[in-house]
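Below: one structure, written as structure tokens.
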Amino acid sequence: GRQLATAVIMFHETLAKKAGLTAAESRCLGILFQREALTAGELARATGLTTGAITGIVDRLQKDGWLRREANPADRRSVLIRALPNRRREAVLAPGYARLREAMAALMAEFSPDELLVIERYLDGAVATLQRLTEELR
């Protein structure tokens, strides 16, 4: 498990660096692209970072054209943070993630459907366990 976690982190950090992003910035963008728009507090909870760290990350990413702040129609005291396409940097990220998808698909092709079901059950359980333990640590 430790080797897998390290390999995943190293891949994402290396790809982020090639795009001129920190690992934390890349993680924030990934979450924003998945969820469309979040408040700073929601983004902090989703990433495990402090709201102060999120403010600095959002400032940098907005300056570089990765995201924008917009009025929150549900709460006029807060703003929503929304990811924006960034063609220059996506030219670096998209091929890297495409290669990862292709390589993982090739790896999965080596397993039978029954084996994949067992692997999926294990990974789902591992993710749920990690999420639960993370919440307990908070």
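Which distance in Å, rounded to a whole number, links the C-alpha centroids of the stretch 100-124 and the stretch 1-79?
28 Å
Mind checking the dipole of the stretch 1-74: about its Cα centre, +1 per Lys or Arg Cβ, -1 per Asp or Glu Cβ, Debye to the nearest 20? Let's see the in-between values first.
Working: 10 positive and 7 negative charges, 32 e Å.
Roughly 160 debye, rounded to the nearest 20.
Given a 1.4 Å probe and the protein chains all in place, what does the accessible area of Leu21 round to, in Å² to the nearest 10?
Accessible area of Leu21: about 10 Å².
How big is the chain by Rg and Dmax over its Cα atoms, in Å?
Over the chain's Cα set, Rg and Dmax evaluate to 17.3, 53 Å.
About the Cα centre of the stretch 68-138, what is the dipole size in debye to 20, counting +1 per Lys and Arg Cβ and -1 per Asp and Glu Cβ, all else neutral?
Working: 13 positive and 11 negative charges, 181 e Å.
Once rounded to the nearest 20, the dipole reads 860 debye.
Based on Cβ point charges of +1 for Lys and Arg and -1 for Asp and Glu, what charge dipole magnitude is obtained for the chain about its Cα centre, in debye rounded to the nearest 20? Working shown, then result.
Numbers: 21 positive and 17 negative charges, 157 e Å.
Once rounded to the nearest 20, the dipole reads 760 debye.
How much FRET efficiency would the formula 1/(1 + (r/R0)^6) give for Met108 and Arg132, where r is the Cβ-Cβ distance and R0 is 30 Å, rounded to 0.05? If you can, show how the numbers build up before the last one.
Values: r = 26 Å, r/R0 = 0.88.
Between Met108 and Arg132 the formula returns 0.70.
GluC sites (Glu not before Pro) within the stretch 1-92: which are DSSP loop residues with at most 12 other Cβ atoms inside 10 Å?
On the way: sites: Glu13, Glu25, Glu36, Glu42, Glu70, Glu90; in loops: Glu36.
Answer by residue number: Glu36.
Multiplying the sequence separation of Arg45 and Glu13 by 0.36 nm and subtracting their Cα-Cα distance, what value in nm do you get? The partial results should precede the final answer.
Values: separation 32, 0.36 × 32 = 11.52 nm, distance 2.05 nm.
Fully extending the segment from Arg45 to Glu13 adds 9.5 nm.
Hey, can you find the accessible area per residue of the chain for me, probe 1.4 Å, expressed in square angstrom?
Working: 9940 Å² over 138 residues.
Accessible area per residue: 72 Å².
Give the ranking of Arg99, Arg77, Arg68, Arg35 by solvent-accessible surface, highest area first, calculated with a 1.4 Å probe. Don't jump to the answer; show the numbers that get you there.
Values: Arg99 180, Arg77 205, Arg68 95, Arg35 130 Å².
Descending accessible area places them as Arg77, Arg99, Arg35, Arg68.
Take the solvent-accessible surface of the protein heavy atoms, probe 1.4 Å, and return the percent of it on the chain that carbon and sulfur atoms account for. Please report the intermediate quantities before stating the final value.
Numbers: 5800 of 9940 Å².
Summing carbon and sulfur atoms, their accessible area is 58 percent of the total for the chain.
Among Leu29, Leu80, Leu107, flag the residue with its Cα farthest along the positive direction of the charge dipole of the stretch 1-135, charges on Cβ as +1 for Lys/Arg and -1 for Asp/Glu.
Leu80
The values are calculated or read from the model by the stated rules, or taken from the named source; none is laboratory data. These figures come from a predicted structure and were not determined experimentally. Note that each Cβ is placed from the backbone with ideal geometry, even for glycine, and that neighbours are counted across all protein chains shown. Just so you know, the surface numbers come from the protein's heavy atoms only, side chains and all, with ligands and any DNA or RNA stripped out. Shrake-Rupley method; radii C 1.70, N 1.55, O 1.52, S 1.80 Å.
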